[in-house]
Structures are given as structure tokens and as C-alpha cells.
Amino acid sequence: MGNESIVAISVLFGVLGGVLGTIIFLFPYLKSKGVDLKSVLSDIENVVDVSGKAIDVISGIVPNNKAVNILEIIEKWAKIAVGDAEQLYHAGDISKDGRAEIAESVVYSVLKEMNINIDDNKKELINAAIKNAVNDLGHSN
């Protein structure tokens, strides 16, 4: 189990403990002291709504899973590399059979530049992403 998982589980249990403690101990105590819990809960609900929106925005910005990020990089650059290889082919700079090699080389270069180790699994993913990008491009005569 990675550090991220341990932190996530710890936060989950901390929040759960806080919620249970509030429900079991704090709310009855405040009610016995005459505090208007409806207005307090309304304020808390507003804070939770705003917090949820902030978390959604942050989740969209902050990368949270390295494997997913690598897959997205491979997919993105496979499309770019296939387009580049196709243009080189139409310009007469490479042969029809050289397109896959050029596309593969571009994706490898990007991963190398990003200090991402290229193992056999990534090679298979790159190959599949390139084939998918070729299919998305369509077949030209």
C-alpha cells in the first residue's frame, strides 16, 4: 500500500471520527445549552457545499495517479506522432512503412524527456495507442 493510500485512509477515518463525535457528543451538548442547531447546521451545509466545489476544482488541476497520467501522455503524443508521421509520408520524406517507426520514436522521445522509464508494458501501450491513433486518423489512399 502506497503513502497516498495510507494518507487517504487516515483522512477518511479522521473525518468519520469527527462526524461521529459531533453527532454523538457535541450536538446533544449544544442543544442542552440552548444553541439553535438549525442555523448552525445551515452554516455548516453552506461550508460543505463550497468545500466540495473547491475540491472538485483542485482535483481537476492536481494530478492524482501517476499511471493514469502516463497513459494520458502516451495517448496524447501517439495522436500527435501519428499525425506528424502521416505528414512526413505525404511530403515524401519517409516511406509508407516508416510511419510507425517515426511515430514510435516521437512518443519514446517525449517519455524520455519527461524522465519516464520505458519498459515492455509501456512499449505495448505505445504500440496500441499508435494503432488507435492511426484508426482515428482514417485510411487514405
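Key figures for this structure:
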| quantity | calculated |
| --- | --- |
| Of (1) 84, 31, 22; (2) 48, 31, 30; (3) 40, 31, 28, the label for Cα extents along the principal axes in Å derived from the coordinates | (1) |
| Carbon plus sulfur fraction of accessible area for the chain, probe 1.4 Å, in percent | 59 percent |
| Long pairs among Lys76/Lys122; Lys96/Lys122; Lys53/Lys76, criterion Cα-Cα beyond 22 Å | Lys96/Lys122; Lys53/Lys76 |
| Mean residue ellipticity (222 nm) of the chain, computed from DSSP H runs ≥ 4 via -39,500 (n - 2.57), nearest 500 | -26000 deg cm²/dmol |
| Whole-number accessible area per residue in Å² for the chain, which is evaluated in the context of all protein chains at 1.4 Å | 76 Å² |
| Degrees, to the nearest 10: 66-90 long Cα axis against longest axis of the chain | 30 degrees |
| Cut-off under 5 Å, modelled amide H: who pairs with Ile94 long-range | Tyr89 |
| Estimated distance in nm for a label pair at Ile118 and Val50, the labels positioned 7 Å out from Cα along Cα-to-Cβ | 4.9 nm |
| Karplus-derived HN-Hα couplings along region 9-14 (A = 6.51, B = -1.76, C = 1.60, θ = phi - 60°), whole Hz, x at Gly and Pro | 5, 4, 5, 4, 5, x |
| Given charges at Cβ of Lys, Arg, Asp, Glu: the chain dipole, positive-most of Val82, Ile70, Ile55 | Ile55 |
| Efficiency of FRET between Ser32 and Leu12 - r from beta-carbon atoms, R0 41 angstrom, step 0.05 | 0.85 |
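The values are calculated or read from the model by the stated rules, or taken from the named source; none is laboratory data. Just so you know, these numbers come straight off a predicted model, no measurement behind them. So basically every Cβ, Gly included, is an ideal-geometry build from the backbone, and we count neighbours across all protein chains shown. Just the protein is used for accessible areas: all its heavy atoms, side chains included, with ligands, DNA and RNA removed. Shrake-Rupley method; radii C 1.70, N 1.55, O 1.52, S 1.80 Å.
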